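The block underneath contains the structure these notes are about, expressed in C-alpha coordinates.
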Amino acid sequence: MVFFSLICNFAPANAGVLAKPSGAPPLTKQEFMEQNNRKVSVLFMLFCTLFCVCLITANVLETKQISFGIANFTGGLLVFPVSYIINDVVCEVWGYRRARLLIWMGFAMNFFFVAMAALADVIPGASYWDRNEAFHSIFGLAPRIAAASFVAFLAGSFINAYVMSRMKLSSGGRHFSARAILSTVFGELTDSLIFFPLAFSFVLPWEEMPSLVITQVVLKTLYEVVALPVTMRVVKFTKEHDHEDVYDKDISYNIFKINKL
(Lines give C-alpha, C1' and ligand atoms only; values in the text may rest on other atoms or scores of the structure.)
Protein backbone atom coordinates (compact mmCIF):
# COMPACT_ATOMS: atom_id res chain seq x y z
CA MET A 1 0.00 0.00 0.00
CA VAL A 2 2.90 2.38 0.67
CA PHE A 3 4.15 1.64 -2.86
CA PHE A 4 0.78 2.64 -4.36
CA SER A 5 0.66 5.79 -2.25
CA LEU A 6 4.13 6.92 -3.34
CA ILE A 7 3.26 6.48 -7.02
CA CYS A 8 -0.08 8.25 -6.70
CA ASN A 9 1.53 11.28 -5.08
CA PHE A 10 2.91 12.16 -8.51
CA ALA A 11 -0.56 12.17 -10.12
CA PRO A 12 -3.51 13.64 -8.27
CA ALA A 13 -6.78 11.81 -8.79
CA ASN A 14 -8.32 14.78 -10.62
CA ALA A 15 -5.41 15.27 -13.01
CA GLY A 16 -6.58 15.88 -16.53
CA VAL A 17 -10.26 16.50 -15.65
CA LEU A 18 -11.64 19.82 -16.86
CA ALA A 19 -13.58 21.79 -14.28
CA LYS A 20 -16.97 23.33 -15.05
CA PRO A 21 -17.14 27.11 -15.45
CA SER A 22 -17.67 29.15 -12.31
CA GLY A 23 -21.32 29.22 -11.29
CA ALA A 24 -22.22 26.06 -13.20
CA PRO A 25 -24.13 23.34 -11.34
CA PRO A 26 -22.00 20.56 -9.82
CA LEU A 27 -21.20 17.51 -11.89
CA THR A 28 -23.59 14.60 -11.71
CA LYS A 29 -22.11 11.19 -10.95
CA GLN A 30 -22.55 10.17 -14.60
CA GLU A 31 -20.81 13.34 -15.86
CA PHE A 32 -17.98 12.79 -13.40
CA MET A 33 -17.50 9.20 -14.59
CA GLU A 34 -17.51 10.31 -18.24
CA GLN A 35 -14.85 12.93 -17.53
CA ASN A 36 -12.79 10.33 -15.71
CA ASN A 37 -12.88 8.15 -18.83
CA ARG A 38 -11.07 10.92 -20.73
CA LYS A 39 -8.07 10.91 -18.43
CA VAL A 40 -5.32 8.38 -17.87
CA SER A 41 -5.27 6.77 -14.46
CA VAL A 42 -1.81 6.15 -13.05
CA LEU A 43 -3.13 3.19 -11.08
CA PHE A 44 -4.78 1.67 -14.16
CA MET A 45 -1.49 1.95 -16.07
CA LEU A 46 0.31 0.36 -13.14
CA PHE A 47 -2.12 -2.57 -13.05
CA CYS A 48 -1.78 -3.03 -16.83
CA THR A 49 2.00 -3.14 -16.50
CA LEU A 50 1.90 -5.65 -13.63
CA PHE A 51 -0.63 -7.77 -15.52
CA CYS A 52 1.61 -8.03 -18.60
CA VAL A 53 4.71 -8.72 -16.49
CA CYS A 54 2.89 -11.51 -14.63
CA LEU A 55 1.81 -13.21 -17.86
CA ILE A 56 5.28 -13.09 -19.41
CA THR A 57 6.97 -14.18 -16.17
CA ALA A 58 4.54 -17.10 -15.84
CA ASN A 59 5.47 -18.26 -19.35
CA VAL A 60 9.14 -18.47 -18.40
CA LEU A 61 8.50 -20.08 -15.01
CA GLU A 62 6.24 -22.74 -16.58
CA THR A 63 9.39 -24.62 -17.61
CA LYS A 64 10.19 -25.35 -13.94
CA GLN A 65 8.49 -28.42 -12.44
CA ILE A 66 7.87 -28.27 -8.69
CA SER A 67 6.78 -30.92 -6.20
CA PHE A 68 5.31 -29.90 -2.86
CA GLY A 69 4.16 -32.85 -0.83
CA ILE A 70 1.74 -34.82 -2.99
CA ALA A 71 1.08 -31.85 -5.30
CA ASN A 72 2.96 -31.37 -8.55
CA PHE A 73 2.80 -28.06 -10.39
CA THR A 74 4.86 -25.68 -12.51
CA GLY A 75 6.70 -22.56 -11.46
CA GLY A 76 4.12 -20.48 -13.30
CA LEU A 77 1.72 -21.13 -10.44
CA LEU A 78 3.81 -18.77 -8.30
CA VAL A 79 2.84 -15.72 -10.35
CA PHE A 80 0.02 -16.53 -12.80
CA PRO A 81 -2.79 -16.25 -10.18
CA VAL A 82 -1.70 -12.64 -9.61
CA SER A 83 -3.07 -11.87 -13.08
CA TYR A 84 -6.51 -13.02 -11.94
CA ILE A 85 -6.27 -10.86 -8.83
CA ILE A 86 -5.40 -7.83 -10.99
CA ASN A 87 -8.29 -8.73 -13.30
CA ASP A 88 -10.62 -8.73 -10.27
CA VAL A 89 -9.35 -5.34 -9.06
CA VAL A 90 -9.68 -3.69 -12.48
CA CYS A 91 -13.16 -5.14 -13.08
CA GLU A 92 -14.33 -4.15 -9.60
CA VAL A 93 -13.07 -0.56 -9.83
CA TRP A 94 -13.29 0.39 -13.53
CA GLY A 95 -15.74 -2.22 -14.83
CA TYR A 96 -15.79 -4.92 -17.47
CA ARG A 97 -14.87 -2.61 -20.35
CA ARG A 98 -11.52 -1.68 -18.79
CA ALA A 99 -10.96 -5.33 -17.85
CA ARG A 100 -11.56 -6.24 -21.51
CA LEU A 101 -8.88 -3.76 -22.58
CA LEU A 102 -6.53 -5.14 -19.91
CA ILE A 103 -7.01 -8.75 -21.08
CA TRP A 104 -6.38 -7.96 -24.75
CA MET A 105 -3.34 -5.87 -23.85
CA GLY A 106 -1.93 -8.75 -21.82
CA PHE A 107 -2.64 -11.15 -24.67
CA ALA A 108 -0.86 -8.88 -27.19
CA MET A 109 2.22 -8.39 -25.01
CA ASN A 110 2.41 -12.09 -24.19
CA PHE A 111 2.04 -13.03 -27.86
CA PHE A 112 4.82 -10.59 -28.79
CA PHE A 113 7.13 -12.09 -26.16
CA VAL A 114 6.43 -15.68 -27.24
CA ALA A 115 6.86 -14.78 -30.93
CA MET A 116 10.20 -13.02 -30.34
CA ALA A 117 11.42 -15.86 -28.13
CA ALA A 118 10.47 -18.41 -30.80
CA LEU A 119 12.26 -16.36 -33.46
CA ALA A 120 15.42 -16.12 -31.34
CA ASP A 121 15.19 -19.87 -30.71
CA VAL A 122 15.13 -20.85 -34.40
CA ILE A 123 17.97 -18.51 -35.41
CA PRO A 124 21.24 -20.52 -35.41
CA GLY A 125 23.49 -19.65 -32.49
CA ALA A 126 27.04 -18.38 -32.80
CA SER A 127 29.81 -20.93 -33.24
CA TYR A 128 31.05 -20.32 -29.69
CA TRP A 129 27.54 -20.54 -28.18
CA ASP A 130 27.05 -23.89 -26.46
CA ARG A 131 23.76 -23.22 -24.66
CA ASN A 132 21.33 -23.91 -27.48
CA GLU A 133 19.62 -26.80 -25.70
CA ALA A 134 19.26 -24.84 -22.47
CA PHE A 135 17.85 -21.84 -24.34
CA HIS A 136 15.42 -24.04 -26.26
CA SER A 137 14.20 -25.75 -23.09
CA ILE A 138 13.09 -22.38 -21.72
CA PHE A 139 12.00 -20.40 -24.77
CA GLY A 140 11.24 -23.11 -27.33
CA LEU A 141 7.55 -23.37 -26.49
CA ALA A 142 5.87 -25.95 -28.71
CA PRO A 143 3.28 -24.37 -31.05
CA ARG A 144 0.57 -26.65 -29.71
CA ILE A 145 1.23 -25.66 -26.10
CA ALA A 146 1.51 -21.99 -27.03
CA ALA A 147 -1.83 -22.07 -28.86
CA ALA A 148 -3.50 -23.92 -25.98
CA SER A 149 -2.10 -21.38 -23.53
CA PHE A 150 -3.37 -18.39 -25.50
CA VAL A 151 -6.88 -19.79 -26.02
CA ALA A 152 -7.17 -20.90 -22.38
CA PHE A 153 -5.95 -17.52 -21.13
CA LEU A 154 -8.50 -15.56 -23.15
CA ALA A 155 -11.40 -17.83 -22.21
CA GLY A 156 -10.51 -18.01 -18.52
CA SER A 157 -9.80 -14.29 -18.15
CA PHE A 158 -13.01 -13.19 -19.86
CA ILE A 159 -15.09 -15.66 -17.86
CA ASN A 160 -13.47 -14.33 -14.68
CA ALA A 161 -14.27 -10.72 -15.62
CA TYR A 162 -17.82 -11.55 -16.75
CA VAL A 163 -18.68 -13.39 -13.53
CA MET A 164 -17.16 -10.59 -11.45
CA SER A 165 -19.15 -7.96 -13.33
CA ARG A 166 -22.50 -9.76 -13.27
CA MET A 167 -22.22 -10.71 -9.60
CA LYS A 168 -21.44 -7.09 -8.68
CA LEU A 169 -24.65 -5.99 -10.38
CA SER A 170 -26.78 -8.71 -8.81
CA SER A 171 -25.35 -8.14 -5.32
CA GLY A 172 -25.42 -4.35 -5.46
CA GLY A 173 -21.66 -4.21 -4.95
CA ARG A 174 -21.70 -6.26 -1.75
CA HIS A 175 -19.80 -9.45 -0.88
CA PHE A 176 -16.57 -8.65 -2.74
CA SER A 177 -14.78 -11.61 -1.14
CA ALA A 178 -17.32 -14.12 -2.46
CA ARG A 179 -17.33 -12.51 -5.89
CA ALA A 180 -13.54 -12.54 -6.14
CA ILE A 181 -13.28 -16.20 -5.12
CA LEU A 182 -16.16 -17.47 -7.28
CA SER A 183 -15.00 -15.56 -10.35
CA THR A 184 -11.54 -17.08 -9.90
CA VAL A 185 -13.01 -20.58 -9.60
CA PHE A 186 -14.98 -20.16 -12.84
CA GLY A 187 -12.07 -18.53 -14.64
CA GLU A 188 -9.41 -21.00 -13.54
CA LEU A 189 -11.71 -23.95 -14.21
CA THR A 190 -12.34 -22.72 -17.75
CA ASP A 191 -8.62 -22.11 -18.27
CA SER A 192 -7.63 -25.58 -17.07
CA LEU A 193 -10.45 -27.41 -18.89
CA ILE A 194 -9.27 -25.85 -22.16
CA PHE A 195 -5.51 -25.88 -21.66
CA PHE A 196 -4.79 -29.44 -20.52
CA PRO A 197 -6.82 -31.30 -23.18
CA LEU A 198 -5.53 -29.06 -25.99
CA ALA A 199 -1.91 -29.15 -24.84
CA PHE A 200 -1.56 -32.73 -23.58
CA SER A 201 -4.19 -34.93 -25.23
CA PHE A 202 -2.52 -38.07 -26.64
CA VAL A 203 0.61 -37.07 -24.70
CA LEU A 204 -0.59 -37.71 -21.15
CA PRO A 205 -3.07 -40.43 -20.17
CA TRP A 206 -6.65 -39.14 -20.18
CA GLU A 207 -7.20 -40.50 -16.68
CA GLU A 208 -4.55 -38.02 -15.44
CA MET A 209 -6.40 -34.98 -16.79
CA PRO A 210 -9.02 -34.62 -14.00
CA SER A 211 -6.38 -34.61 -11.27
CA LEU A 212 -4.30 -32.01 -13.14
CA VAL A 213 -7.32 -29.76 -13.63
CA ILE A 214 -8.52 -30.09 -10.03
CA THR A 215 -5.02 -29.49 -8.62
CA GLN A 216 -4.56 -26.32 -10.66
CA VAL A 217 -7.98 -24.91 -9.79
CA VAL A 218 -7.67 -25.69 -6.06
CA LEU A 219 -4.15 -24.30 -5.70
CA LYS A 220 -4.89 -21.13 -7.67
CA THR A 221 -8.10 -20.54 -5.73
CA LEU A 222 -6.25 -20.99 -2.43
CA TYR A 223 -3.75 -18.43 -3.71
CA GLU A 224 -6.66 -16.00 -4.23
CA VAL A 225 -8.01 -16.69 -0.73
CA VAL A 226 -4.63 -16.10 0.93
CA ALA A 227 -4.14 -12.86 -1.01
CA LEU A 228 -7.71 -11.66 -0.43
CA PRO A 229 -6.96 -9.29 2.50
CA VAL A 230 -4.37 -7.49 0.35
CA THR A 231 -6.70 -7.49 -2.67
CA MET A 232 -9.49 -5.89 -0.62
CA ARG A 233 -7.18 -3.15 0.64
CA VAL A 234 -5.93 -2.44 -2.89
CA VAL A 235 -9.52 -2.22 -4.18
CA LYS A 236 -10.54 0.16 -1.38
CA PHE A 237 -7.48 2.36 -1.90
CA THR A 238 -7.95 2.47 -5.68
CA LYS A 239 -11.63 3.39 -5.46
CA GLU A 240 -10.88 6.20 -3.02
CA HIS A 241 -7.95 7.53 -5.02
CA ASP A 242 -9.56 7.48 -8.48
CA HIS A 243 -13.13 8.10 -7.28
CA GLU A 244 -14.26 5.16 -9.40
CA ASP A 245 -16.72 2.36 -8.65
CA VAL A 246 -18.26 1.30 -11.95
CA TYR A 247 -21.40 -0.81 -12.28
CA ASP A 248 -21.70 -2.40 -15.73
CA LYS A 249 -25.27 -1.44 -16.56
CA ASP A 250 -26.42 -1.70 -20.18
CA ILE A 251 -23.00 -2.55 -21.61
CA SER A 252 -21.96 -5.04 -24.27
CA TYR A 253 -19.99 -8.05 -23.08
CA ASN A 254 -18.71 -8.69 -26.60
CA ILE A 255 -15.03 -9.42 -26.05
CA PHE A 256 -14.05 -7.76 -29.35
CA LYS A 257 -15.43 -4.27 -28.61
CA ILE A 258 -12.11 -3.03 -27.29
CA ASN A 259 -12.79 0.56 -28.36
CA LYS A 260 -15.78 0.81 -26.01
CA LEU A 261 -14.32 2.20 -22.79
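Between beta-carbons, use under 13 Å as the cut-off and find the net charge around residue 237, counting Lys and Arg +1, Asp and Glu -1.
Taking every other residue near residue 237 into account, the sum is -2.
Please identify the trypsin sites (Lys or Arg not before Pro) of region 124-218 that satisfy two criteria: DSSP loop assignment and at most 11 other Cβ atoms within 10 Å. Which are they?
Counting only loop positions with at most 11 other Cβ atoms within 10 Å, the trypsin sites (Lys or Arg not before Pro) in region 124-218 are 131, 174.
Taking a ≥ b ≥ c as the square roots of the Cα gyration tensor eigenvalues, with a/c under 1.5 meaning rounded and otherwise prolate when a/b beats b/c, else oblate, which class fits region 59-153? All intermediate terms of the calculation are to be shown ahead of the outcome.
Working: a/c = 2.96, a/b = 1.56, b/c = 1.90.
In terms of gyration-tensor shape, oblate.
Give me the 1.4 Å probe accessible area per residue for region 153-217, excluding ligands and nucleic acids, in Å².
46
Using 7 Å Cα-to-Cβ label points, what is the residue 46/residue 67 separation (nm, one decimal)?
4.1
Just how far, in whole angstrom, is region 114-131 from region 181-214 if you go by their alpha carbon centroids?
31
Need one value: the accessible area of residue 149 in square angstrom, 1.4 angstrom probe, rounded to the nearest 10.
30
Contour minus end-to-end for residue 126 and residue 218, with contour as 0.36 nm per residue of separation and end-to-end as the Cα-Cα distance?
Values: separation 92, 0.36 × 92 = 33.12 nm, distance 4.44 nm.
Between residue 126 and residue 218, full extension yields 28.7 nm more.
Quick check: residue separation of residue 118 and residue 253 times 0.36 nm, minus the Cα distance between them. What number comes out in nm?
Stretched out fully, the residue 118 to residue 253 stretch lengthens by 45.3 nm.
Ignoring ligands, DNA and RNA, what percent of the accessible area of region 141-261 is carbon or sulfur (1.4 Å)?
70
Rounded to the nearest whole Å², what accessible area per residue is found for region 46-107 with the 1.4 Å probe?
Spelled out: the 1.4 Å probe surface of region 46-107, per residue, equals 36 Å².
Hey, which aspartates and glutamates would be in cross-link range of residue 168, C-alpha to C-alpha under 15 Å, not counting anything within fewer than 8 residues on its own chain?
88, 92, 244, 245, 248, 250
The values are calculated or read from the model by the stated rules, or taken from the named source; none is laboratory data. All values reported here derive from a predicted model rather than from experimental measurement. All Cβ positions, glycine included, derive from the backbone under ideal geometry; neighbour counts span all protein chains shown. Surface accessibility is based on the protein's heavy atoms, side chains included, excluding ligands, DNA and RNA. Shrake-Rupley method; radii C 1.70, N 1.55, O 1.52, S 1.80 Å.
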